[in-house]
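Heads up: the structure comes next, in structure tokens.
The values are calculated or read from the model by the stated rules, or taken from the named source; none is laboratory data. Just so it is clear, the model here is predicted, and its values are computed rather than measured. Cβ placement follows ideal geometry from the backbone for every residue including glycine, while neighbour counts extend to all protein chains displayed. Surface areas here come from the heavy atoms of the whole protein model, side chains and all, with no ligands, DNA or RNA. Shrake-Rupley method; radii C 1.70, N 1.55, O 1.52, S 1.80 Å.
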Amino acid sequence: MKIDDAPAIEVQKLNFSYSPGVKTLDNISFTVNRNDMVCIVGPNGGGKSTLLKLLCGFLTPDSGTVAILGYDPVTARPKIGYMPQMSLLDPAFPICALEVVLQGLVRRPATLFLPTAGKKRAIRIMAELGIDNLRNARFSELSGGQRQRVLLARALVTQPELLLLDEPTAGADAEVQRDFHQMLHSLRGKMTIMVVSHHLQYVCGCYDYALCVNRQLHIHQLSNRDSFNWDDVFDHGMRKIEHSPDCDCIEEKI
């Protein structure tokens with residue numbers, strides 16, 4: 001198979017442990033086609049963020065294989081845009097919004113100067129996300145929604161073919177969630193998008209299917225069938241995750 005024909009993500013028999021004898025991810029296999037929009041759900045500590053780090057090449061599997069766009073994750077990393085959990089970042093770090101976005105272009109600590117084209121691209125992406133007026137604002141002074149847009153711009157500035165977002169709307173109100181998912185929807189067809197969601201039963205209506213992760217993995221379809229209109233609660237389109245009876249990826253009863 002040619003590299004250009006390879007899936008966006010192909011994982012085969014993946015196993016990973018932080019401690020010997022305690023598997024965080026157990027025999028996981030799945031394929032994500034190019035330009036799919038996929039969400040990952042599961043309980044806290046189930047391995048969602050760990051899976052994203054394995055896809056980025058930040059962690060190495062104990063066994064099994066991970067292929068990104070036909071390459072190993074480290075080789076493919078320049079083609080990946082990654083947005084970590086906002087809770088893991090120090091908002092008080094003395095840096096302006098544009099500098100945060102430009103961090104996405106720094107591949108090595110020794111990189112001191114960025115090409116002019118990269119800076120122009122960063123400014124253009126910030127404008128597309130409606131935050132060009134915040135270029136010189138301190139990151140610590142931005143609202144939660146503004147910080148989300150800045151971090152998304154940092155992930156997009158490399159012009160990725162695969163965009164990985166780790167709980168980008170956790171703790172956000174309904175309006176911020178709506179705006180963020182509208183931005184994601186505008187990216188449909190331009191790249192493959194995988195988003196870790198903190199919702200277990202319902203996710204944004206823009207996703208194609210759900211990967212449920214709790215040590216093991218199940219793939220589930222999404223539907224609009226439900227007796228309650230969650231669209232009114234979240235103020236944007238929502239879809240229900242159709243968990244099958246054998247899915248152990250959530251703890252409460254569906």
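A few remarks follow.
- Approximate spin-label separation Arg188-Asp173, in nm, with each point projected 7 Å along Cα-to-Cβ: 2.7 nm
- When you restrict to C-alpha pairs under 8 Å that are six or more residues apart and normalise by the size of the chain, the relative contact order lands at 25 percent.
- Fluctuation leader among Ser143, Ser49, Ser197 - the chain, Gaussian network, Cα springs under 10 angstrom: Ser143
- GNM result for the chain, Cα springs below 10 Å: residue of Asn35, Asn15, Asn133 fluctuating most strongly: Asn133
- Mean accessible surface per residue for the chain, computed with a 1.4 Å probe while every protein chain stays in place, in Å²: 49 Å²
- Label assignment, Cα extents along the principal axes in Å derived from the structure, set (1) 80, 49, 32; (2) 65, 56, 34; (3) 52, 43, 36: (3)
- Springs between Cα atoms under 10 Å define the GNM used for the chain, and in it the highest mean-square fluctuation of Ala67, Ala122, Ala137 occurs at Ala137.
- Carbon and sulfur %, accessible surface of the chain computed with the full protein complex present, 1.4 Å: 49 percent
- Cβ-derived FRET efficiency at R0 45 Å, Asp246 paired with Asn35, nearest 0.05: 0.95
- In the chain the longest region clear of chymotrypsin sites (Phe, Trp or Tyr not before Pro) that are loop-assigned by DSSP and have at most 11 other C-beta atoms within 10 Å covers 114-227.
- Greater than 30 Å apart at Cα, pairs in Lys120/Lys190; Lys120/Lys240; Lys53/Lys190: Lys120/Lys240
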